[in-house]
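Right, one structure below, let's go through it.
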Amino acid sequence: MPSPRPFDLLIQGGTVIDGTRAPRFDADVGLRDGRIAAIGDLAGQPAARVLDARGCIVAPGFIDAHTHDDQALLRQPDMAFKVSQGVTTVVTGNCGISAAPLPPGTPLPMPLSLMGSPGHGPFPTFADYLDALRAAPPAVNVAALVGHTALRVGCMASVDRPATDAEATAMRAQLQAALQAGAIGLSTGTAYPPAMAATTEEIIAVGQPLGAHGGLYVTHMRNESDAVVPALEETFRIGRELGVPVVVSHHKVQNRQNFGRSAETLDLIRRTQQHQCVGLDCYPYTAGSTMIRTDPAMLDGRVQIASSVPHPECVGRTVADIAAEWGVPQPEAARRLQPGTAIYFLMDEPDVQRIMAFDATMIGSDGIPLGDKPHPRLWGTFPRVLGHYSRDLGLFPLETAVWKMTGLTAQTFGLDQRSTLAAGHHADVVVFDAQAIRDTATYDQPAQAAEGIRAVVVNGVLAWHAGRHTGARSGQVVRRQAA
């Protein structure tokens, strides 16, 4: 008999956690032609390269369920801030913010400019954006949503009002074209000024093509504070009327008067899941990050400036300190610092843990790749879940932690044959030391790679090894396979 064709890469001697929540087991993993060729005792089988994984976990590559990496994929294609923490696939276009479709010369109000300066473009169609990613592949795979805010900015002369029927029709046509090109769904960000005036009926009208294309509805809800329950109910209604699954982005309950209400919101989500497809993601921190806002509710806690166009010297300082120095109220200081980004300490740790431990919760970084001092979640989210929350606090077993960032996310977003380790599946793999893994990114020094990630493989190609990026850029554009 002919000898078997050598593996491109043989990951030998590790303990496999396969992304399904099944118990771990010892096995070798052989990769060939960008796929997982075999899992088992592969000792003695030929391989072009062997990776020693003794003492380590071999798991599927992590899927970041919520990112704003749309332009970073083109501007920073090595994606070191994701690959270094084991992420092999990113979901982009969240919170209504996407790089396309945007006609040339379109002004980009916040939060659209949270993506940073265009790496390429502009992209008048979503197909143009996906073609650019295919022409210059990044180091990670990309599953892209269309942003409702981007549609509004491109189709409406003014976004401070509801869309007319003609404008909704134009947005619907652009969504249809984007879904045909490979977009996986529609996202909204009705908490932000460019989409606040959008009615529920507008979103339903624009979202009509989702059902026929098997797309998702993903939302940064209208409110995550006092009116969080009505916002959830609006989200569920949109999903029901469109007949599509919904994902609640970065679920939280913010501001001190709402601490503890995650028990209420999760109970509502659980009951709704009995008759409707509802998913959610969260990040493992008590602070969020977004555009600099002047709303008093957003300035209720500590607010740290991450970037400021007019006042870059203020990066790293709090709005309260800046306001005191300038002798103005905090909302006025925030206004003077715009445009820019800030970190908002508005959540309670027990709520974060309760939401993260909820069975249907995926892990998403919501990192903003902008400025010198971004939120540490950009570099630290996934190791923080594995190290701090799973290992140190025992919030859930390691198998559950891996599932929340792999198999569950792939199932929710319809990313077929990714993020579970099985023969024939795409070879996205991470090797990590479960005892050593930890996030090192802090609010003061956020751009720091995690410890304990030994190797990261994207589509069969080694992208991160021994604490360094290999320079490989083997990412692909990923389409949704609807159930």
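The values are calculated or read from the model by the stated rules, or taken from the named source; none is laboratory data. Keep in mind the model is a prediction, meaning the values are calculated, not measured. Note: ideal-geometry Cβ built from the backbone for every residue, glycine included; neighbour counts use all protein chains shown. These accessible areas exclude ligands, DNA and RNA; they are computed on the full protein's heavy atoms, side chains included. Shrake-Rupley method; radii C 1.70, N 1.55, O 1.52, S 1.80 Å.
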Top-ranked residue in region 70-84 [being farther than 12 Å from L133 by Cβ and small (G, A, S); ranked as least open to solvent (accessible area, probe 1.4 Å)]: S84
Pairs with Cβ under 6 Å, 6+ apart, first in region 246-269 and within 18 Å of M298 (Cα to Cα), second open to solvent by 40 Å² or more (accessible area, probe 1.4 Å) and at pLDDT 95 or above: V253/R261; F259/D348
Residue selected from region 10-28 under the condition out of contact with any Gly (no Cβ under 7 Å at 6 or more places or on another chain) and in a strand (DSSP E or B), by the criterion most open to solvent (accessible area, probe 1.4 Å): D26
Long-range neighbours under 6 Å by Cβ, at least six apart or interchain, first residue over 19 Å from S262 (Cβ atoms) within region 361-384, second open to solvent by 10 Å² or more (accessible area, probe 1.4 Å) and part of a strand (DSSP E or B): I368/S289; L370/S307; G371/S307; H375/S289; P383/R438
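Quick one: which of L398, L370, L337 is closer than 23 Å to A320 by Cα, touching a Ser or Thr at 6+ places or on another chain (Cβ under 9 Å) and modelled with pLDDT of 95 or more? I'd like the intermediate steps shown before the answer.
Numbers: L398 fails: closer than 23 Å to A320 by Cα; L370 fails: modelled with pLDDT of 95 or more.
Result: L337 is the single residue among L398, L370, L337 that is closer than 23 Å to A320 by Cα, touching a Ser or Thr at 6+ places or on another chain (Cβ under 9 Å) and modelled with pLDDT of 95 or more.
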Residues satisfying the stated conditions in region 178-217, i.e. over 23 Å from the mean Cα position of the chain (by Cα), open to solvent by 10 Å² or more (accessible area, probe 1.4 Å) and among the hydrophobic types (A, V, I, L, M, F, W, C): A197, I204, A205, A212
Count - residues of region 373-382 that are modelled with pLDDT of 95 or more and either open to solvent by 10 Å² or more (accessible area, probe 1.4 Å) or more than 19 Å from H68 (Cα to Cα) (or both): 1
Residue match in region 105-119 (condition: open to solvent by less than 10 Å² (accessible area, probe 1.4 Å), more than 28 Å from R24 (Cβ to Cβ), modelled with pLDDT of 95 or more and not aliphatic (A, V, I, L, M)): no
S307 crowded, with 18+ Cβ neighbours inside 10 Å, touching a Leu at 6+ places or on another chain (Cβ under 6 Å) and either within 30 Å of F236 (Cα to Cα) or touching a residue at least 40 places away in the same chain (Cβ under 8 Å) (or both): yes
Filtered residues of region 406-429 (kept if closer than 19 Å to V218 by Cα and touching a residue at least 12 places away in the same chain (Cβ under 8 Å)): T406, G407, L408, T409, A410, T412, F413, G414, L415, D416
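If I go through region 241-269 residue by residue, how many of them are under 25 Å from G214 (Cβ atoms) and in contact with a strand residue (DSSP E or B) (Cβ under 9 Å, 6 or more places away or on another chain)? Write out each step before concluding.
If we filter region 241-269 for residues that are under 25 Å from G214 (Cβ atoms), which is where we start, we get 241-251, 269.
Filter once more, keeping what is in contact with a strand residue (DSSP E or B) (Cβ under 9 Å, 6 or more places away or on another chain): 242, 244-251, 269.
Result for region 241-269: 10.
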